[in-house]
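For reference, the structure is listed below as structure tokens.
All of the numbers you see were taken from the coordinates with simple rules; none came from a lab. Note that the structure is predicted; figures quoted are calculated from it, not measured. Neighbour counts are summed over all protein chains in view; Cβ atoms, including those assigned to glycine, are modelled from backbone coordinates with ideal geometry.
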Amino acid sequence: MEASAVGYPTDPIQLGRHPGWPATLGRLRVPGGLVGLRPVRLRDGGAWSAIRSRDEDHLAPWEPFAAGSWAQRNTPAEWPARWYGLRRLGRSGLGLPFAITVGGRFAGQVMVGNVVRDPLWSAYVGYWLDSRLTRGGVTTAAVALVVDHCFGPVGLHRLEATVRPENEASRRVLDKLGFREEGLFRRYLNVEGGWRDHLCYALTVEDLDVGAVYRLIREGRATRR
Ligand SMILES: CC(C)(COP(=O)(O)OP(=O)(O)OC[C@H]1O[C@@H](n2cnc3c(N)ncnc32)[C@H](O)[C@@H]1OP(=O)(O)O)[C@@H](O)C(=O)NCCC(=O)NCCS
């Protein structure tokens, strides 16, 4: 008798697993260090808070509005609830909450969210990195690893990213990875006290003749460890 006939879930997503999660990706060597990705952990709270508390000027212009001051929202005590929510997203199949590591240390996050399977097979990707490690190719390498993972084991067809037009660094990351600009979303996200326009970037499986990681390696931007 099939398990479903006696009331047990057989769908892997109902069982708390979904394709490609949990996952550890990498590592890639770039000028900024040795880059890897793994699921966020409860014990990341200290590093997460230390970086973000110091980096308000670097991060706040790009992140959605939330209640409370920056300092309050980024204390170590805030992390367990956030981590728990992220872990639930990962387990439910709705997201892939990765930590970026550089030289094995927590350095930022790549979030694949809003995972929609049949019929869209789509998700968005967002990211941030410790300001002390920027301009070294770290985020480009991290997102390349995530792109290949999403188009491979996760089975997605399309990835989107939304970026404020003035966010040159983030746009450059997407350009280097071959994301194309598809249009402008008007008053899309409430950032720093106002609803800000965002450019929509996207990449589909067909856009990549080779994997995103292989493309970085071919262009001399990264090497495998
Ligand atoms: C955007 C961000 C993740 C980029 O991380 P990173 O590891 O520095 O990215 P990379 O080094 O892989 O690539 C950044 C590219 O942008 C370029 N760049 C950086 N700052 C720039 C600026 N102010 N103007 C123009 N180009 C800039 C870099 O030179 C590099 O391009 P290059 O390789 O051709 O030299 C990081 O700056 C960050 O955390 N920003 C704040 C959060 C954020 O904006 N998140 C994204 C929201 S959509």
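Restricting to the stretch 77-104, name every residue that is loosely packed, with under 14 Cβ neighbours inside 10 Å and in a helix (DSSP H, G or I).
Matches in the stretch 77-104: Ala77, Pro80, Ala81, Tyr84, Gly85, Arg88.
Residues of the stretch 50-74 being of a type in the set (Phe, Trp, Tyr) and within 17 Å of the chain's Cα centre (by Cα), which ones?
Selection gives Trp62 alone.
For residues that are β-branched (Val, Ile, Thr) and touching a strand residue (DSSP E or B) at 6+ places or on another chain (Cβ under 9 Å), scanning just the stretch 184-225, find the one that is nearest to Arg164 (Cα to Cα).
Result: Val191.
Could you please tell me which pairs satisfy a Cβ distance under 6 Å, a separation of 6+ or placement on different chains, a first residue in the stretch 20-34 that is within 15 Å of Ala212 (Cα to Cα), and a second residue that is of a type in the set (S, T, N, Q)?
Pairs found: Arg29/Thr223.
Which of the residues that make up the stretch 154-170 are near the ligand (Cβ under 8 Å from one of its atoms), surrounded by 16 or more Cβ atoms within 10 Å (Cβ to Cβ) and of a type in the set (D, E, K, R)?
Correct list: Arg164 only.
Looking only at the stretch 116-136, count every residue that is under 18 Å from Leu203 (Cβ atoms) and either among the small types (Gly, Ala, Ser) or surrounded by 20 or more Cβ atoms within 10 Å (Cβ to Cβ) (or both) and tell me the total.
Number satisfying all stated conditions: 5.
Within the group Phe106, Phe151, Phe98, which residue is more than 10 Å from the ligand (Cβ to nearest atom), touching a residue at least 12 places away in the same chain (Cβ under 8 Å) and more than 17 Å from Ala47 (Cβ to Cβ)?
None of the other options fit; the residue is Phe151.
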